[in-house]
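Notes to accompany the following structure.
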Amino acid sequence: MPTKVGMVSLGCAKNMVNSEQMLQKLKDAGYDITGPLDKVDTIVINTCGFIESAKAEAIDNTLEFAELKKEGRLRKIIVAGCLSERYKDEIMRELPEVDGLVGCGSFDEIAEVVSGVMEGDKVCRFGDIDAPISETGRVVTSGPGWAYLRIAEGCDNCCAYCVIPSLRGKYRSRPMENILGEARMLAEMGVKELIVIAQDTSRYGTDLYGERKLSELVRRLCDISGIDWIRLHYLYPDEIDDELIDTVAREEKVVKYLDIPIQHINNGILKRMNRRGTGTEIRELFKKLRERIPGLVLRTSIIAGLPGEGEAEFEELASFLRETKIERGGVFVYSPEEGTEAAGMPDIPDRETAEHRCALLTDIQSRIIDEFNESMLGKVLTVLVEGVDNATGYLYGRSFADSPDVDGRVLFDAQAGLGDFVKVRITDIIDGELAGEVEE
Ligand code: SF4
């Protein structure tokens with residue numbers, strides 16, 4: 001009987017792709033990766049470790065499986081990913097239940113680590129996080145009908161509050177032919193929506209080809225038959241050039257949805273956080289994008305309570321959000337992370353103030369989402385069908401304006417296949433979600 005291995009994937013979409021690649025490696029090595037998580041011999045917890053809440057979630061998961069191990073229902077625990085990369089010594093010292101560690105430079109070695117711990121060894125693998133990206137297959141766990149397409153690894157932006165470059169290494173673009181090959185494979189598997197991700201997608205190609213190549217890559221992805229939607233995430237504001245804007249505007253398959261994390265709008269804070277560009281440039285960029293791409297839905301990420309954020313800076317951010325009406329916005333409380341420049345800076349607002357500001361900004365955003373939903377009433381949206389809503393029994397899916405896990409859904413009461421597209425006329429808003437009737 002092959003050893004049963006389970007995978008828990010925490011954190012961001014990039015980490016999810018690593019989990020899928022590890023599953024492929026395990027499958028290729030003959031391990032059974034199909035079982036329920038409470039019936040496996042070894043569990044791999046692929047962790048996130050970049051802010052306090054993510055670290056807590058990773059540790060909670062590890063302790064949960066440690067309980068199963070104590071009860072004899074699990075034999076081995078392997079902790080992989082960013083928490084391991086960041087706290088290898090602390091984990092081995094403080095979590096003796098953990099049998100193996102896999103760093104962000106060693107996902108490829110997961111099968112060896114599993115065989116080592118199954119033989120009773122404590123196995124730790126920490127490869128070079130700047131090494132060229134290994135091109136391995138993956139067991140796609142997303143869908144139906146969509147998958148992430150990671151085009152690069154690491155980051156060179158070095159924002160002052162961020163530990164990711166120290167965990168994921170320097171920026172490395174994947175060769176374009178490899179990305180296109182993977183996209184074709186996904187299309188053959190029935191994937192219709194590709195969600196393009198990296199720590200910074202807009203920088204794609206600058207290291208490998210000496211120039212930005214995202215626009216060219218997107219145009220070539222549009223040529224792949226079977227792919228209907230291409231969604232761009234993690235664009236850095238000052239890397240968005242006219243060629244990319246034209247490509248998004250012109251290519252039908254590119255959904256009119258752009259994720260552009262800005263974190264703040266105040267010039268002083270942007271500068272201190274080592275973010276390129278000014279508040280004025282961000283305002284001008286968003287204005288230009290809305291003019292050049294009609295019906296565009298913008299997503300962004302905002303951090304409340306960054307060092308140097310006083311009442312005036314906060315109010316500037318709040319009024320910017322009220323004015324710009326960014327349809328999709330994730331607001332986070334600043335988490336001072338040891339090892340970052342920002343954590344050592346003076347004038348860090350206290351936690352209570354940061355949480356209060358986060359709540360105020362989240363409230364602004366939820367009113368904007370309500371306004372956006374109102375504006376969708378009577379419209380016909382193309383929806384990718386994803387599942388059945390347990391509460392209502394309705395089917396649900398996502399429109400161009402919704403990215404998985406972070407945005408809303410569209411509910412409708414009709415028969416349709418998962419992974420299919422249907423046209424839904426929006427007739428209602430139920431608990432903040434759009435609902436409607438399928439147009440034949
Ligand atoms: S762009 Fe900035 S915040 Fe994003 S991963 Fe890179 S350093 Fe971190």
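The values are calculated or read from the model by the stated rules, or taken from the named source; none is laboratory data. The shown structure was predicted, so the numbers you read here are calculated from the model rather than taken from an experiment. A quick note on method: Cβ atoms are made from the backbone with ideal geometry, for glycine too, and the neighbour counts reach across all protein chains shown. What goes into the accessible areas is simple: the full protein's heavy atoms, side chains included, and nothing from ligands, DNA or RNA. Shrake-Rupley method; radii C 1.70, N 1.55, O 1.52, S 1.80 Å.
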Amide H neighbours of Gly329 at under 5 Å, excluding residues fewer than 5 places away on the same chain, with H built from the backbone geometry, are Thr300
GNM on the chain, Cα springs under 10 Å; top mean-square fluctuation among Glu135, Glu315, Glu90 goes to Glu90
Note: probe point = Cα of Arg283 + 7 Å toward Cβ; backbone nitrogen < 13 Å; residues of segment 234-266 passing the test are 265-266
With bins of 20 Å, the percent of all Cα-Cα pairs of the chain per bin from 0 is 24, 57, 19, 0
Carbon/sulfur accessible area of the chain, % of total, 1.4 Å probe, equals 50 percent
Per its Cα gyration tensor (rounded if a/c is under 1.5, else prolate when a/b beats b/c, else oblate), segment 232-284 is best filed as prolate
Placing each pseudo-label 7 Å from Cα in the direction of the beta carbon, Lys379 and Ala249 end up separated by a distance in nanometres of 1.9 nm
In this structure, the FRET efficiency calculated for Ala414 and Asp60 from their beta-carbon separation, with R0 = 51 Å, to the nearest 0.05, is 0.80
If the chain between Thr136 and Lys170 were fully extended at 0.36 nm per residue, the gain over the current Cα-Cα distance would be 10.3 nm
By accessible area (1.4 Å), largest first, Lys379, Lys253, Lys271, Lys39 order as Lys271, Lys39, Lys379, Lys253
What helix-only [θ] at 222 nm does the chain give? Using -39500 (n - 2.57) per DSSP H run of at least 4, over all residues, to the nearest 500, the answer is -11000 deg cm²/dmol
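Classify segment 380-438 as rounded, prolate or oblate from the Cα gyration tensor: take a ≥ b ≥ c as the square roots of its eigenvalues, call it rounded if a/c is under 1.5, otherwise prolate when a/b beats b/c and oblate if not. Each step should come with its number before you reach the end.
Working: a/c = 1.10, a/b = 1.03, b/c = 1.06.
It comes out rounded by the Cα gyration axes.
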Per the beta carbon screen (other Cys under 4.7 Å), unpartnered cysteines of the chain come out as Cys12, Cys48, Cys82, Cys104, Cys124, Cys155, Cys158, Cys222, Cys358
Residue span Lys122 to Asp428: 0.36 nm per residue of separation minus Cα-Cα distance leaves a gain in nm of 104.6 nm
The alpha-carbon center of segment 267-308 and that of segment 328-371 are separated, in whole Å, by 15 Å
Here P(r) for segment 310-440, Cα-Cα distances in 10 Å bins, as whole percents, is 12, 33, 24, 18, 12, 2, 0
Largest fluctuation, Pro346, Pro307, Pro132 only, Gaussian network model of the chain with Cα springs under 10 angstrom, belongs to Pro346
Pairs over 19 Å Cα to Cα, from Lys256/Lys325; Lys14/Lys325; Lys14/Lys39; Lys4/Lys39, come to Lys14/Lys325; Lys14/Lys39
Highest GNM mean-square fluctuation among Thr201, Thr278, Thr427, for the chain with Cα springs under 10 Å, belongs to Thr427
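Among residues other than Ile224 whose Cβ falls under 15 Å from its Cβ, what is the net charge (Lys/Arg +1, Asp/Glu -1)?
-3
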For Ala80, other-chain or 5+-apart residues with amide H closer than 5 Å (H placed, Pro excluded) are Ile45, Asn46, Thr47, Val102
Between the modelled labels at Ser366 and Glu311 (7 Å from Cα along Cα→Cβ) the distance in nm is 2.5 nm
A student applying the Cα gyration tensor rule (rounded when a/c is under 1.5; otherwise prolate if a/b is larger than b/c, oblate if not) would label segment 5-125 rounded
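Rounded to the nearest 0.05, what FRET efficiency do Arg219 and Arg292 give with R0 = 25 Å and r taken as the Cβ-Cβ distance? Could you check?
0.90
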Expressed in nanometres to one decimal, the distance between label points 7 Å along Cα→Cβ at Glu352 and Met185 is 5.4 nm
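Note down the relative contact order for the chain as a percent, whole number, built from C-alpha pairs under 8 angstrom at least six residues apart.
Averaging sequence separation for qualifying contacts and normalising by length gives 10 percent for the chain.
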